[in-house]
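Student: Pasting a structure here, questions to come.
What follows draws every value from the coordinates through simple rules; no lab data is involved. Worth saying up front: this structure is predicted, and the values here are computed from it rather than measured. Don't worry about glycine lacking a Cβ; one is built from the backbone with ideal geometry, like all the others, and counts go over all protein chains shown.
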Amino acid sequence: MGELLADRDAPGDVVVDMEAGLEHLSRGTTRHVDVLLAVAEPYYRSMETARRAYDLAGELGIPCVRLLANKVRDATDAEALEAFAERHSLVIGGRIPYDDAVLDADRQGRGLLDHAGPGSPAVVAINDVVEALVDGRI
């Protein structure tokens, strides 16, 4: 992703990828965060954990919290995530499709962009989310 972000003129913006779970929220490591993306895969436990993170982030005063739908394989996955979000009044800020290149890159110890290039479905979707963040649409 470094190459995709290299042309951005956004000093002071930092993206942090934290471990799944709620501990980082309860420890206060996100107290100065402007936007939090709670990542949810189309499985109940993942969606429920993301919902709890979403709610806790709101309680902590994070001004913008969005759900990031991840590993979306098909319309059934998308519908499950959308229905869950609607039931719990969560706003989906982006969708990342399932992409075998992510697993392949990880197996090889390489970055996704280096491994799959800018045309990978996951890279394209991640870039869309980055664009939305930079442009203030999220």
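Student: 5 Å is the cut-off here: which amide hydrogens, built 1.01 Å from N in the peptide plane, fall below it relative to VAL65, excluding neighbours closer than 5 in sequence?
Tutor: Under 5 Å from the amide H of VAL65: LEU36.
Student: Now, a different point. Based on DSSP H assignment, which helices of the chain show an axial Cα extent of at least 15 Å together with a mean Kyte-Doolittle hydropathy greater than or equal to 1.0?
Tutor: Values: long enough: 44-59 (22 Å, -1.09); 75-87 (18 Å, -0.28); 121-135 (21 Å, 1.27).
Correct list, ordered by number: 121-135.
Student: Right, something else. Net charge within 14 Å of THR76 by Cβ-Cβ distance, Lys/Arg positive one each and Asp/Glu negative one each, not counting THR76 itself? Can you show the working numbers first?
Tutor: Details: positive: LYS71, ARG73, ARG95; negative: GLU41, ASP74, ASP77, GLU79, GLU82.
That sum, taken over residues with Cβ under 14 Å, equals -2.
Student: Now for a different question. Where the convex hull is taken over the Cα atoms of the chain, what is its projected area averaged over directions, in nm²?
Tutor: 8.6
Student: Summing Lys, Arg as +1 and Asp, Glu as -1, what charge do residues with Cβ under 13 Å from the Cβ of PRO97 carry, PRO97 excluded? Walk me through the numbers before you get to the answer.
Tutor: Numbers: positive: LYS71, ARG73, ARG95; negative: GLU41, ASP74, ASP77, ASP99, ASP100, ASP128.
The answer is -3.
Student: In what sequence do SER46, SER120, SER26 fall when counting other Cβ within 10 Å, fewest first?
Tutor: Details: SER46 17, SER120 21, SER26 11.
Going from least to most buried by this count: SER26, SER46, SER120.
Student: If we count other beta carbons within 10 Å of each Cβ, what is the order of TYR44, TYR98, TYR54, fewest first? Provide the component values of the computation, followed by the final result.
Tutor: Details: TYR44 10, TYR98 16, TYR54 23.
By the 10 Å Cβ count, ascending: TYR44, TYR98, TYR54.
Student: Okay, moving on. Pull up all non-local amide H partners of GLY94: gap of 5 or more, or a different chain, and H-to-H distance under 5 Å with H placed in the peptide plane.
Tutor: ALA69
Student: Still on this structure: What does the charge add up to near TYR44, with Lys and Arg as +1, Asp and Glu as -1, over the other residues with Cβ less than 13 Å from its Cβ?
Tutor: Details: positive: ARG45, ARG51, ARG52, ARG87; negative: GLU41, GLU48, ASP77.
Around TYR44, the surrounding residues sum to +1.
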